[in-house]
Every structure is written in C-alpha cells, then in structure tokens.
1. Run through the DSSP bridge list for segment 5-196 and note the antiparallel percent, rounded to the nearest 5.
2. Convert each backbone phi in segment 93-102 into a coupling constant with the Karplus relation 6.51 cos²θ - 1.76 cosθ + 1.60 (shift: θ = phi - 60°), then list the ³J(HN,Hα) values in order as whole Hz, x for Gly and Pro.
3. Can you tell me the orientation of helix 174-196 relative to the chain, as the angle in degrees between its alpha-carbon axis and the longest Cα principal axis, to the nearest 10?
4. Non-local amide H neighbours of Leu39 (under 5 Å, H modeled in plane, Pro and chain starts lacking H): which ones?
5. Report ³J(HN,Hα) in whole Hz for each residue of segment 114-127, in order, from the Karplus equation J = 6.51 cos²θ - 1.76 cosθ + 1.60 where θ = phi - 60°; Gly and Pro get x.
6. Relative to the longest principal Cα axis of the chain, at what angle does helix 18-32 sit, 0 to 90 degrees, rounded to 10?
7. Tally Lys and Arg at +1 and Asp and Glu at -1 over the other residues with C-beta under 15 Å from the C-beta of Gly121: what net charge comes out?
8. Report ³J(HN,Hα) in whole Hz for each residue of segment 44-60, in order, from the Karplus equation J = 6.51 cos²θ - 1.76 cosθ + 1.60 where θ = phi - 60°; Gly and Pro get x.
Amino acid sequence: MDALKILIIPGSARDGSFNRRLAEFAARQARAAGQEATLLDLRALNLPLYDADLEALSGVPAGALRLQQAIQASDAVLLVTPEYNGFPTPLVINAFDWLSRIPATQEQPAGLAVTANKPAGLLSASPGAGGALRSMNFLRQYLQMAFAMVVVPQQFALGRAHEAFDATGALQDPRAVQSVETVLQSLARLAQALKTA
Ligand SMILES: Cc1cc2nc3c(=O)[nH]c(=O)nc-3n(C[C@H](O)[C@H](O)[C@H](O)COP(=O)(O)O)c2cc1C
C-alpha cells in the first residue's frame, strides 16, 4: 500500500514561528507513522493580497497554482495556524482565497475542485493560554463551507507555545504529543478510507 501523503501548511512564515515548529513536529510524527509529510511555506508562494483588478489584469498568480498542485498531490492537508485577534492569519486566508479563484481550463481543474472532499486536520499554537483555538473554529467553517473539505472533528490548540518545545523541536508534554497524534491518526484514518473507497 502506498504511504499516505500529508501536506502540512503552517499559517505563519516568520522566523521562529511556534506554529511552524508545531507543523515540523507533526511532520516528524507523521513520518514516524509511515506517512509522507511535506511542509508548504506559504510565504514562498509570493502571493499578493487578493485584488480583483489585479486578477482581471494578470489572472491568478503562479503561487496559487503551486498551492493547488500541492493539495492535488496530497491525500490530506494539515493546517497549523496562529490566531490574529481571534481569526486565522491573512497569510492563510489570502492563499486560500486566491486558490478559490483558479478557473478550470484544459490544463488544470478549478481551485475548488481539488479541495472538494479532501480530508483536512487542524492544529494551532500561541504563547497565550488559549493556544489560538479560535482560529481553528473559524478555519473549520471556512474550509468546510467554502472549500468542501472534510475537516476531522479532532483538533488541538497548543497553549504557552513558547515553553512547549525542547531543544530538538519535540513537544515536552506527553499529553500534547498524544493530542497531536490523535489529530494525525484521525486524519490518516479518514484519508485512507477515502483513498480505498
Ligand atoms: C496582529 C496580531 C494579533 C494577535 N492576536 C492574538 C490572539 O487573538 N490570540 C492569541 O493567542 N495570540 C495573538 N497574537 C499573538 C500570536 O499568537 C503570536 O504572535 C504568535 O507567536 C504567532 O504565531 P507564530 O509564532 O506561529 O508566528 C497576535 C499577534 C498579532 C501580530
């Protein structure tokens, strides 16, 4: 059986991002479970802020097509996002808004065609006690309602993220490790079931 392909997308691209660290930890755990985990850096997509005039002038940017191809090539997507004022980051929303604007052509399906029925999982992290939980609640709605993704019910918000990792990048609290594993296992079960259905 082919290894499941998990695309892991941190919602923050800054140096030292706790969410990127959590994404990297989740990738390690997924690989240890025999999956193929790929991290996608949203900043590297170089997407301008969505602007309908820009779209009319030059179409959807190449970075949005790269995001689409990465999602299409994966069996499941894991988003790992901070919250800004209780909301997912503009980096995530802008990338997915551009993705939603990709039209179907002879070369490629529509942006929304590759997200439909794609399994998704959510993690979040923040130095605050709430662990950016609110970002996941909005993101769950956004991905399900606008992108028809199938978001697994299990999710995990890592609070006090600045104290959570050891020098190797591993989570120190075994309960946090278990919570990440629970999300990954749930995502893998759904992805495997849909792959073989
Ligand atoms: C504009 C802005 C708004 C923020 N709002 C929240 C918030 O609502 N809740 C929270 O826990 N942290 C909030 N923070 C703090 C972030 O959680 C913190 O900067 C975190 O380190 C960002 O994630 P990262 O480390 O992955 O970049 C906010 C930060 C910024 C810049």
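FYI, it's all coordinate maths here, none of it is from the lab. Here the structure is a predicted model, which means the values were calculated and not measured. Because the Cβ atoms are built from the backbone with ideal geometry, glycine has one as well, and the counts that use them run over all protein chains shown.
1. Beta bridges within segment 5-196, antiparallel portion: roughly 15 percent.
2. Couplings: 5, 5, 5, 6, 4, 4, 4, 5, 8, 6 Hz.
3. Helix 174-196 sits roughly 40 degrees off the main axis of the chain.
4. Result for Leu39 returns Ile8.
5. Each residue of segment 114-127 in turn: 7, 8, 4, 6, 7, x, 9, x, 10, 10, 8, 8, 7, x Hz.
6. With rounding to tens, the tilt is 80 degrees.
7. +2
8. Coupling constants for segment 44-60: 5, 6, 6, 7, x, 4, 3, 8, 5, 5, 5, 4, 5, 6, 10, x, 7 Hz.
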